[in-house]
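To keep things clear, I will list the structure first and then write my remarks on it.
We did not get these values from a lab; they are worked out from the coordinates using the rules stated. Since the structure is predicted, the reported quantities are computational estimates derived from the model, not experimental observations. Here the Cβ positions follow ideal geometry from the backbone for every residue, glycine too, while neighbour counts run over all protein chains shown.
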Amino acid sequence: MKRFLLLLIAIHLTFAWAQTREDILPALAPPVILDGVRAEMRQPGFWISRHPYPDSLLMSPSAIEAFNSRIRRSFGTVTAIDQHSTSIPGRSIRNQINYLHNNAKGMRLYDATGNNLSTAYWAELARLENSSAIRGNLPVRFAIASSFANQRLVPTMDNLNKEPGDIYFDEIQNSGYDIGTPIVLYHNSRDGAWAFGATSVSSGWFRLQDLAIVSRREWQNHQRAQSFIVVLADKADLWRDASALDYLGGVRMGTRFEYLGESGDYYKLRLALRQENGSGAMQEGYILRSDARIGYLPYTVRNAYNQAFKMLNHRYGWADINGDWDCSSMMIHIFACFGFRLPRNGASQVAASRVVHEFAPAESDSLRYANISRKAVPGISLLHLRGHIVLYLGEVDGTHYIIHNTSGYRVPIDDKSQYIYSIKGTVVSTMELGAGSDKRSLIKRMLTLSVVR
């Protein structure tokens, strides 16, 4: 419980909005295949065939669980949410609500019309949050996402931006969570439409219409089921019936559900559905067997490559907006297929894995590449730079390659101007992306190399 409270107090470590984004500049469509990348490099088989041990088991399930336990014990960026108590000090929740409100307000955001937000706008949000009504200990309610659940810094779905018209980056979006995600709820908004709560990696406001509130026992059983399926498709459909006619919604890679059996081409699973009266009920659902598997994938390089490349060309979604991925969310969903529980923020993901090199500011590009060649494990190594994280693929003829979900990159035109290429998706690239621009190349900006092992 203490670690859970520490996570909530230090919540700023997990905010998606803490990641740096590109400035708004005249944007161009990028090349279909980026410079230095050959067409065959956009297939997992190319990289699998070059790896010295693609099918070796890297970690057992018990070793992965020990990895997860170490993160919970040592970093506090992921909590054992299934152990959450039935009450929580109200003062802690009030402080968190006010902290998020003040940070959002301090960003000096613009509304959809390009105007600065008024004092009255923030006052109305504070009235809606109603944090002053929180007293004593709060009873905890237990919920499971029954629709894709956006997590917001303040209780509004208004798209608010740091630059006028920059609607692609909704700064109020903190993260997004799939159907089946366990959530704890602490406090309702004044109008009863929102609840302030937390997942195992971040806190914020959820719309109650996206959640099914269940008993604590049902909630814990949902997380602790010994027989479970894991979604392996990039995105998969969930159905209420085995005929696949009554659609429930989409779910992303790495999501886990209790396994109940099979029916033809479908796995039968248990999920929580929101009823008309707002309560939740555990019911059966269905997913194509080809989109999932029973139990976690064996942790091999082959499987890591295969899962990563399922995300190729998928749209970039700032803080998971619209059910897409950003750079760090992409890593969470890839490694969740093996049972890893990575933190929400890229810097925390690298710190939680095994750091094998920290790049010194004075390191030349050639020395940086040499350290990557010597210390990285292709397919399971993370490279972190300020505001971004990438998965290392390997080296071909002296050039190093990565796969990552990115908003774009810059290319200099002359000494005074530059283009920005708007990628907004998952691509294979070299680490020379952005060379010569004021942002500099990716390799020059690298901070840390780690291995998820």
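Of note:
- Here LEU109, LEU447 are placed in order of increasing Cβ neighbour count within 10 Å, fewest first, which gives LEU447, LEU109.
- Ranked list, fewest to most other Cβ atoms within 10 Å of each Cβ, for TYR53, TYR259, TYR168, TYR305: TYR53, TYR168, TYR259, TYR305
- What the pair-distance distribution of segment 228-278 shows, using all Cα-Cα distances binned every 10 Å from zero, is 23, 58, 17, 2 percent.
- Binned Cα-Cα distance frequencies in segment 318-368 - 10 Å width, integer %: 22, 39, 27, 12, 0
- Around the amide H of THR255, modelled in the peptide plane, lie the amide H atoms of VAL231, all under 5 Å away and 5 or more residues distant in sequence or on another chain.
- The length gained by stretching the chain between ALA29 and ASP414 to full extension, at 0.36 nm per residue less their Cα-Cα distance, is 136.7 nm.
- Across all Cα pairs in segment 347-453, the calculated P(r) in 10 Å bins from zero up to the longest distance comes to 15, 49, 31, 6, 0 percent per bin.
- Mean sequence separation of contacting Cα pairs (under 8 Å, at least six apart), scaled by the length of the chain, corresponds to a relative contact order of 17 percent.
- The aspartates and glutamates within cross-link reach of LYS162, meaning a Cα-to-Cα straight distance under 15 Å and a gap of 8 or more places when in the same chain, are GLU22, ASP23, ASP111, ASP170, GLU171.
- Within segment 41-57, backbone nitrogen closer than 13 Å to the virtual label 7 Å beyond the Cα of VAL396 toward Cβ: 41-51
- Only Cα sites of the chain enter the Debye sum here, all with the same form factor; the resulting log10 I(q)/I(0) across q = 0.12 1/Å is -1.07, listed in q order.
- Cut-off under 5 Å, modelled amide H: who pairs with GLY280 long-range: ILE213, GLN275
- Stokes-Einstein diffusion coefficient of segment 58-180, Kirkwood radius over Cα pairs, 37 °C, 0.692 mPa s, in µm²/s: 190
- Charge context of ALA304, other residues only, Cβ under 13 angstrom, K/R +1, D/E -1: +2
- When the charge dipole of segment 144-196 is built from unit charges on Cβ atoms (+1 for Lys and Arg, -1 for Asp and Glu) and taken about the Cα centre, the candidate among SER147, ASN188, ASN174 whose Cα reaches farthest toward its positive end is ASN188.
- For segment 372-416, the set of trypsin sites (Lys or Arg not before Pro) satisfying both a DSSP loop assignment and a count of at most 16 other C-beta atoms within 10 Å is given as ARG386, LYS416.
- For ALA212, the shell of other residues with beta-carbons less than 13 Å away shows a net charge of +1, using +1 for Lys and Arg and -1 for Asp and Glu.
- Over the chain, dividing the summed -39,500 (n - 2.57) contributions of all DSSP H runs of at least 4 residues by the number of residues returns a 222 nm mean residue ellipticity of -7000 deg cm²/dmol.
- Its residue count N sets the reference 2.2 N^0.38 Å, and the alpha-carbon radius of gyration of segment 127-268 equals 1.19 times that reference.
- Computed from backbone phi with θ = phi - 60° and the Karplus coefficients 6.51, -1.76 and 1.60, the 3J(HN,Hα) list for segment 433-443 is 4, x, 4, x, 7, 5, 7, 6, 5, 4, 4 Hz; x is used for glycine and proline.
- Entries in LYS310/LYS439; LYS268/LYS375; LYS375/LYS439; LYS105/LYS235; LYS268/LYS424; LYS424/LYS444 that, when Cα-Cα distance is taken, lie over 31 Å: LYS268/LYS375; LYS105/LYS235; LYS268/LYS424
- Solvent-free Debye scattering, log10 I(q)/I(0), computed from the Cα coordinates of segment 104-159 at q = 0.13, 0.27, 0.29 Å⁻¹: -0.50, -1.20, -1.27
- Across segment 252-258, computed HN-Hα scalar couplings (Karplus, 6.51 cos²θ - 1.76 cosθ + 1.60, θ = phi - 60°) run 9, 3, x, 6, 10, 9, 5 Hz from first to last residue, x flagging Gly and Pro.
- Extension gain from ALA133 to GLU358, taking 0.36 nm per residue of separation minus the Cα-Cα distance: 76.3 nm
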